[in-house]
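Colleague: Quick one: this structure, given as structure tokens, is what I'll be asking you about.
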């Protein structure tokens, strides 16, 4: 029996990152309430833990106070991971105003947390707040340049948490995630680059690379991401902080495509296909991770090769 068992709310818990976080907390003996409207999350993402007595799933929209308020009345949470959001580049570009609804969800979480015992909040922000970077690597206290409504909403969330921390001593920490990948990541046209590349390659199709492929990104395997998030929740020194979560290693997208082709066993059979795109595509993105290392005593352990192998194997078997 875990004498330190606590209960945590994970909004957006049926999504890619949220479901992995649910699994981790259950694995280490915590209680989890997963709250998700299933607009992009999937119940099958929770199949491993859905029958666990320490796990509960509630369908609802965090942006609607009538949905989320009863959850706070029913449970006395020790911590909240607010991960619910409109996600995916294609989805947010097609309906940019939809992301503005997420501000209401952030407000609901803050007000309900303030009213009910003031548990600590971990907010999933994004590297998108940096936009087209004005400096590299990107630093938490450096220049920010959000270019998409999604990024602006994440930044608003960070600032609201900061305001509640200063005014109400409401403990919180915003984590700026850099390109998280791994099993269960969406691979449709509404998904993310690694999932889309793997899906195409395993189908015998070339990965589609926008521009000349020289744009760089930083990739973090899902296991490392959730470990960092858990540490941020546990540690008092993260209160009131904004922290980059990434590996600090840039990789060109063209090279990423070639790596996936090789690891999937299609070397010599496929080549990345360069295509034009009208969408905004940031040229370079990678984080300064000194603050993460200092505050969380953590650095990602899973190499890109190892993480890609695990992800490819999952896609093969799913």
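The values are calculated or read from the model by the stated rules, or taken from the named source; none is laboratory data. What you are looking at is a predicted structure, and each value in this text was computed from that prediction instead of being measured. Here the Cβ is made from the backbone with ideal geometry for all residues, glycine too, and neighbour counts use every protein chain on show.
Colleague: Residue 74 fails exactly one of the following numbered conditions: (1) touching a strand residue (DSSP E or B) at 6+ places or on another chain (Cβ under 9 Å); (2) over 18 Å from residue 58 (Cα atoms); (3) free of Cβ contacts under 8 Å to residues at least 24 places away in the same chain. What is the number of that condition?
Modeller: Just one mismatch for residue 74, condition (2).
Colleague: Here's something else I'd like to know. Checking residue 244 against (1) surrounded by 21 or more Cβ atoms within 10 Å (Cβ to Cβ); (2) under 27 Å from residue 317 (Cα atoms): exactly one of these is not met. Which one?
Modeller: Among (1) surrounded by 21 or more Cβ atoms within 10 Å (Cβ to Cβ); (2) under 27 Å from residue 317 (Cα atoms), residue 244 violates only (2).
Colleague: Just one of (1) at pLDDT 95 or above; (2) part of a helix (DSSP H, G or I); (3) out of contact with any strand residue (DSSP E or B) (no Cβ under 6 Å at 6 or more places or on another chain) trips up residue 225, so point out which.
Modeller: Single failed check for residue 225: (3).
Colleague: Right, next: Hey, does the range 112-122 have a residue that's in a loop (DSSP other than H, G, I, E, B) and out of contact with any helix residue (DSSP H, G or I) (no Cβ under 8 Å at 6 or more places or on another chain)? Full working, then the answer.
Modeller: First, pick out the residues of the range 112-122 that are in a loop (DSSP other than H, G, I, E, B): 116-119.
Retained after the next criterion (residues that are out of contact with any helix residue (DSSP H, G or I) (no Cβ under 8 Å at 6 or more places or on another chain)): 117.
Yes, there is a match, as at least one residue in the range 112-122 is in a loop (DSSP other than H, G, I, E, B) and out of contact with any helix residue (DSSP H, G or I) (no Cβ under 8 Å at 6 or more places or on another chain).
Colleague: Please work out if residue 283 is out of contact with any strand residue (DSSP E or B) (no Cβ under 7 Å at 6 or more places or on another chain) and over 30 Å from residue 96 (Cβ atoms).
Modeller: Details: out of contact with any strand residue (DSSP E or B) (no Cβ under 7 Å at 6 or more places or on another chain): yes; over 30 Å from residue 96 (Cβ atoms): no.
No, not satisfied.
Colleague: Any residue at all in the range 174-193 that is modelled with pLDDT under 95, assigned to a helix (DSSP H, G or I) and either surrounded by fewer than 17 Cβ atoms within 10 Å (Cβ to Cβ) or under 17 Å from the mean Cα position of the chain (by Cα) (or both)?
Modeller: Yes, that holds for at least one residue.
Colleague: Take the residues in the range 128-152 that are touching a residue at least 60 places away in the same chain (Cβ under 8 Å) and in a helix (DSSP H, G or I), then tell me which one is farthest from residue 93 (Cα to Cα).
Modeller: Here the residue is 130.
Colleague: Condition (residue is under 19 Å from residue 223 (Cβ atoms) and surrounded by 17 or more Cβ atoms within 10 Å (Cβ to Cβ)) applied to the range 67-78: is it met by at least one residue? So that I can check it myself, show each step before the final result.
Modeller: Residues of the range 67-78 under 19 Å from residue 223 (Cβ atoms): none.
No, the range 67-78 contains no residue that is under 19 Å from residue 223 (Cβ atoms) and surrounded by 17 or more Cβ atoms within 10 Å (Cβ to Cβ).
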